[in-house]
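Here's the structure, in structure tokens; my notes come after.
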Amino acid sequence: MYGVYGDIIDAAKKALGCLEETKELLEYPEVQADKAYYLSVLSKYNDLKSIEDKLGALISALEDEKVYFEMLSDSKSEEERAAVYREISNLKRTVSNVAAMLSNALGCKHIEERAYCRFKLQAGSAKFGLALSYLIKSDLISRGAVIEEENTDVAKSGHIQEISFVAQGIDVITRLEPLVGAHKVYIAQGRCEELCFAITPSASTVKISDSDLKIDVFHSHGAGGQNINKVETAVRITHLPTGLSVVCQDERSQLKNKKRALETIAKRLKEINEQAEKKRIEADIFAQYSKKNTPVTFDAASGTMSDTRLKAFLKIPFPLTEEQLSSYMDGLMAL
């Protein structure tokens with residue numbers, strides 16, 4: 001029901017099995033009489049309550065995400081759909097962050113995340129964006145992430161105006177999210193350009209559950225030789241969540257028709273999901289590019305970068321070393 005988050009949710013529910021017992025234990029006079037024991041039980045109770053709160057937040061965000069996906073079919077304009085897509089993206093990041101915190105509290109392995117990253121550059125900010133994208137990819141790879149689907153787009157003037165890639169690994173979104181926004185790059189002679197960075201969850205291949213399919217068989221009215229109108233060889237498969245239906249009756253056997261129908265419905269669902277995912281990603285990235293006046297700035301004249309959130313990263317030479325970037329991102333995550 002909860003996809004890749006099912007294991008963490010099950011682990012949290014299992015851990016909470018002793019919550020009420022721990023709460024009752026705090027009321028025992030003999031426990032209250034032993035201060036050290038009481039504090040130990042109280043600490044355990046507070047830890048369990050924290051897990052309960054995070055579990056509730058995770059399930060709530062996952063259920064809200066499902067509701068927003070259902071709202072897409074009722075959206076009457078591109079503006080409404082764009083707003084829904086932005087809410088879905090926000091919920092995806094909330095799910096990612098809460099799941100990471102819940103994993104820490106439980107001592108579980110974190111969820112592997114898949115994220116689409118994109119830089120938007122101008123002529124004067126291009127070299128800073130290139131350097132930052134290289135450093136980010138190197139940092140992620142050093143932590144076991146996989147980088148794929150790399151792409152660059154060159155403007156007519158010759159400078160790289162866009163860089164994109166997909167990163168898959170532990171805490172990818174959590175690690176990169178503090179860098180989101182339209183950062184100022186101060187060019188010589190008082191000119192200022194932007195270096196935009198956005199990151200959004202990238203959906204993996206959608207798996208079709210058998211429980212979502214309704215399969216009907218009936219007598220074929222097409223080719224089939226002696227089987228026609230004698231054996232139920234034709235197959236209709238309906239994907240219940242979307243209402244998409246496929247009929248196949250070209251083959252002489254029910255098994256072959258079923259196989260072809262399943263392949264067709266999988267292909268069509270993939271196309272539908274890809275179109276929806278593309279719209280969601282574009283809406284989310286547009287919203288992130290709109291975040292102006294971020295704490296991050298670059299100065300072309302002095303070759304430095306600054307982030308007002310961290311004292312150690314004010315007017316620091318840029319590009320950073322890989323060690324500096326790792327320390328920088330660790331510091332941002334700790335805020």
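The values are calculated or read from the model by the stated rules, or taken from the named source; none is laboratory data. Just so it is clear, the model here is predicted, and its values are computed rather than measured. Because the Cβ atoms are built from the backbone with ideal geometry, glycine has one as well, and the counts that use them run over all protein chains shown.
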So which residues in the range 150-174 are charged (D, E, K, R) and over 16 Å from the mean Cα position of the chain (by Cα), if there are any at all? Glu150, Asp153, Lys156, Glu162
Name the residues in the range 99-118 that are farther than 24 Å from Lys291 by Cβ, out of contact with any strand residue (DSSP E or B) (no Cβ under 7 Å at 6 or more places or on another chain) and of a type outside the set (Gly, Ala, Ser), would you? Leu102, Asn104, Leu106, Cys108, Lys109, Ile111
Would you check which residues across the range 284-329 are over 30 Å from Glu78 (Cβ atoms), modelled with pLDDT under 95 and of a type in the set (Gly, Ala, Ser) and list them? Ala300, Ala301, Ser302, Gly303, Ala312, Ser326, Ser327
Candidates Glu80, Glu24, Glu30, Glu65 - the one that is under 18 Å from the mean Cα position of the chain (by Cα) and assigned to a helix (DSSP H, G or I): Glu65
Among the candidates Lys270, Lys258, Lys291, residue that is assigned to a helix (DSSP H, G or I), charged (D, E, K, R) and surrounded by fewer than 16 Cβ atoms within 10 Å (Cβ to Cβ): Lys270
Considering only the range 84-119, how many residues are among the acidic types (Asp, Glu) and within 10 Å of the chain's Cα centre (by Cα)? 2
Going by the conditions given, is Ser60 outside any loop (DSSP other than H, G, I, E, B), more than 23 Å from the chain's Cα centre (by Cα), surrounded by 12 or more Cβ atoms within 10 Å (Cβ to Cβ) and not aromatic (Phe, Trp, Tyr)? no
If we keep just the residues of the range 136-164 that are part of a strand (DSSP E or B) and hydrophobic (A, V, I, L, M, F, W, C), which is farthest from Leu195 (Cα to Cα)? Val146
Looking at the range 99-136, which of its residues are among the basic types (Lys, Arg) and at pLDDT below 95? Lys109, Arg114, Lys127
Would you mention how many residues in the range 70-95 are surrounded by fewer than 15 Cβ atoms within 10 Å (Cβ to Cβ) and aromatic (Phe, Trp, Tyr)? 0
Quick one: in the range 295-335, which of the residues that are in contact (Cβ under 8 Å) with a residue 40 or more places away in the chain and touching a Ser or Thr at 6+ places or on another chain (Cβ under 6 Å) is surrounded by the most Cβ atoms within 10 Å (Cβ to Cβ)? Phe318
Would you mind telling me which numbered condition in (1) without any contact (Cβ under 8 Å) to a residue 60 or more places away in the chain; (2) assigned to a helix (DSSP H, G or I) Asp7 fails? (1)
Which members of the range 10-28 meet the condition of being in contact with a helix residue (DSSP H, G or I) (Cβ under 7 Å, 6 or more places away or on another chain) and free of Cβ contacts under 8 Å to residues at least 40 places away in the same chain? Leu16, Leu19, Thr22, Lys23, Leu25, Leu26
Is it fair to say Leu320 is farther than 21 Å from Ile136 by Cβ, out of contact with any Cys (no Cβ under 6 Å at 6 or more places or on another chain) and not in a strand (DSSP E or B)? no
For Ile59, work out the one condition from (1) of a type outside the set (Gly, Ala, Ser); (2) modelled with pLDDT of 90 or more; (3) touching a helix residue (DSSP H, G or I) at 6+ places or on another chain (Cβ under 9 Å); (4) under 29 Å from Asp307 (Cα atoms) it doesn't fulfil. (4)
Determine which member of the set Leu121, Leu58 is of a type in the set (A, V, I, L, M, F, W, C) and touching a strand residue (DSSP E or B) at 6+ places or on another chain (Cβ under 6 Å). Leu121
Checked Arg114, Arg175 against criteria (in a helix (DSSP H, G or I), touching a residue at least 24 places away in the same chain (Cβ under 8 Å) and among the basic types (Lys, Arg)); the one match is Arg175
